[in-house]
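Everything below concerns the one structure shown next.
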Amino acid sequence: MPKIELQLPEPHAGQQELEENMKRFNVVACGRRWGKTEFQIIRAIKRALNGEYYGWFAPNYKFLDEPFRKIIKYCKPAIKRSNATDRVIEFITGGQIEFWTLEDENAGRGRKYHEVGIDEAGLVNNLGVIWREAIRPTLSDFRGQGCFYGTPKGKNWFYEAWLLGENPDKVDWGAFRRPTLSNPYIPESEVEDARQDPMMDTATFEQEYEANFVENDISYLFLATYFHDRIIEPHECPLLKTWYRGWDTATSDKQTADETACVKLGFDENGNAYLRSPLSMRLSPGDLTTRAEQIAMQDGLNTYQVIEAHNTGYAIFNQLQRNKVLNTMVKLQQIGGRQGDKRQRALPLATLAAKGRLYIVKDPGWQDLFTCLTAFTGIKSMNERDHLVDACSVASIWARESPSSTEKLSWKNPYS
């Protein structure tokens, strides 16, 4: 057989150090961009080139596309057959790499492997059950090696596996924490910029960059203590030249439906933020557009109406645009990407609150606003009443992402 030369990725120093210290069962908690997928690719290729079987497991198909394509790219001359449908790569050495999605709790049943790697282990529901009943038996024929890779996601079963690795009595298990900065190709300045990002909170940074397991219940963004001496009477509020009323719109007037909410947000010259005039309503689309126009007229021409581009928000926007007095004060705010995460888009205001720079004005309804803020987690499964917080976020996003506004307004944009 002619000699085949492959151009394989070289492990960085942090990956090489991990390779030299691994045990039979390994739990690797990685910071973002550490290179866990590339490390796993290297290990899978080595196994296959040695004529061995490797099982690659991931939460869903999205996490399988990149490694499947890269392995084919790196090893094309050594590949006998690859099947994108079955997610199998067979090598001329007799080795094989099989890819599985853990959406199927029976993934891997009937197979035998010299090594398995579970990618993004922190994201897998019921991982403990799947490991015990489906994956662990695949290692018995060859007394194979098992590796869990992932960024921590609270204290779930990935964390329980981590504790096994830290237990000195479990000699076959090892736990390895690899922060983002143990990848020598990631600049230290970039990680520090992420730490200082106004949308980054301490718990998230510890989890995503430092690879620490943080408590699942660290979820309340607006602690009541943040508002000590920050709830003020209307006459104590500065006379700001410009306000933003954020609108979070609902689609129905049924009693079981979400409420439409709107809140005014303004900044003083020092970048302190003020929330006032919160309103909640559950109206039919027709009544809601009429009511929105009344509210906008009452706010006057020093208040921009920032409306989420969603549901009846379009109807409100069109109604106000037809008003010749108000049309220049109406803005439509798209919510997408990371902003689609309620928690992420509330982080800038939560950061200001934590620094003592967010005030609530005692206008009618302020207690409801305070309750919504201090109960807010942004977790979908909590099914929380978060409409007023979302309205605050809509206004906050527009202020942060519209640099032209800082030229027209006299207040200091705290996000610039």
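Is it the case that some residue within the range 66-79 is modelled with pLDDT of 90 or more, buried (at least 18 other Cβ atoms within 10 Å of the Cβ) and under 23 Å from Thr180 (Cα atoms)? Within the range 66-79 (the criterion being modelled with pLDDT of 90 or more, buried (at least 18 other Cβ atoms within 10 Å of the Cβ) and under 23 Å from Thr180 (Cα atoms)), the answer is yes, since at least one residue qualifies. Pairing each residue of the range 189-202 that is in contact (Cβ under 8 Å) with a residue 60 or more places away in the chain with any residue that is of a type in the set (Gly, Ala, Ser) and assigned to a helix (DSSP H, G or I), provided the two are 6+ apart or on different chains, yields C-beta distances under 7 Å for Met200/Ala194; Asp201/Ala350.
State all residues of the range 76-93 that are hydrophobic (A, V, I, L, M, F, W, C) and in a strand (DSSP E or B); if no residue qualifies, say none. Passing the criteria: Ile79, Val88, Ile89, Phe91.
Provide a single number: the residues in the range 194-245 that are among the hydrophobic types (A, V, I, L, M, F, W, C) and not in a loop (DSSP other than H, G, I, E, B). Please lay out each step first, then the result.
So the first thing to find is which residues in the range 194-245 are among the hydrophobic types (A, V, I, L, M, F, W, C), and the list is 194, 199-200, 203, 205, 211, 213-214, 218, 221-224, 227, 231-232, 237, 239-240, 243.
If we keep only those that are not in a loop (DSSP other than H, G, I, E, B) too, we end up with 194, 203, 205, 224, 227, 231-232, 243.
Result for the range 194-245: 8.
A single member of Lys170, Lys153 is surrounded by fewer than 18 Cβ atoms within 10 Å (Cβ to Cβ), touching a helix residue (DSSP H, G or I) at 6+ places or on another chain (Cβ under 6 Å) and within 28 Å of Ile42 (Cα to Cα), and it is Lys170.
Lys23 meets the conditions (1) assigned to a loop (DSSP other than H, G, I, E, B); (2) over 28 Å from Ile130 (Cα atoms); (3) in contact with a Phe, Trp or Tyr (Cβ under 7 Å, 6 or more places away or on another chain) in every case but one. The failed one is (2).
Restricting Gly31, Gly35, Gly51, Gly55 to residues that are of a type outside the set (A, V, I, L, M, F, W, C) and touching a Pro at 6+ places or on another chain (Cβ under 6 Å) narrows the list to Gly31. The single residue among Thr312, Thr260 that is among the hydroxyl-bearing types (Ser, Thr, Tyr), crowded, with 17+ Cβ neighbours inside 10 Å and over 26 Å from Leu352 (Cα atoms) turns out to be Thr312.
Pairs linking a residue in the range 234-260 that is within 23 Å of Asp299 (Cβ to Cβ) and in the same structural domain as Ser396 (by TED's automatic domain parsing) to a residue that is modelled with pLDDT of 95 or more and aliphatic (A, V, I, L, M), with Cβ atoms under 6 Å and 6 or more positions apart or on different chains, are Pro234/Val361; Cys237/Val361; Tyr244/Leu265; Gly246/Val263. Within this structure, Phe317 passes the test of being in contact with a strand residue (DSSP E or B) (Cβ under 9 Å, 6 or more places away or on another chain), in a helix (DSSP H, G or I) and free of Cβ contacts under 8 Å to residues at least 24 places away in the same chain.
Just name the residue that is nearest to Ala399 (Cα to Cα) out of those in the range 289-314 that are part of a helix (DSSP H, G or I) and polar (S, T, N, Q).
Checking each candidate, the answer is Gln298.
Set side by side, the residues Gly108, Gly55 differ, and just one is in the same structural domain as Thr204 (by TED's automatic domain parsing), crowded, with 16+ Cβ neighbours inside 10 Å and in a loop (DSSP other than H, G, I, E, B), which is Gly108.
Can you spot a residue in the range 62-75 that is part of a helix (DSSP H, G or I) and farther than 19 Å from Gly35 by Cβ?
Our first condition is that a residue be part of a helix (DSSP H, G or I); within the range 62-75, this holds for 62-75.
Narrowing the set further to residues that are farther than 19 Å from Gly35 by Cβ leaves 72.
Yes; the residues of the range 62-75 include at least one that is part of a helix (DSSP H, G or I) and farther than 19 Å from Gly35 by Cβ.
The C-beta contact set for the range 117-133 (first residue within 16 Å of Arg43 (Cβ to Cβ), second residue of a type in the set (Ser, Thr, Tyr), distance under 6 angstrom, 6+ apart or interchain) comprises Asp119/Tyr149.
The values are calculated or read from the model by the stated rules, or taken from the named source; none is laboratory data. Given the structure is predicted, the values throughout are model-derived calculations rather than measurements. All Cβ positions, glycine included, derive from the backbone under ideal geometry; neighbour counts span all protein chains shown.
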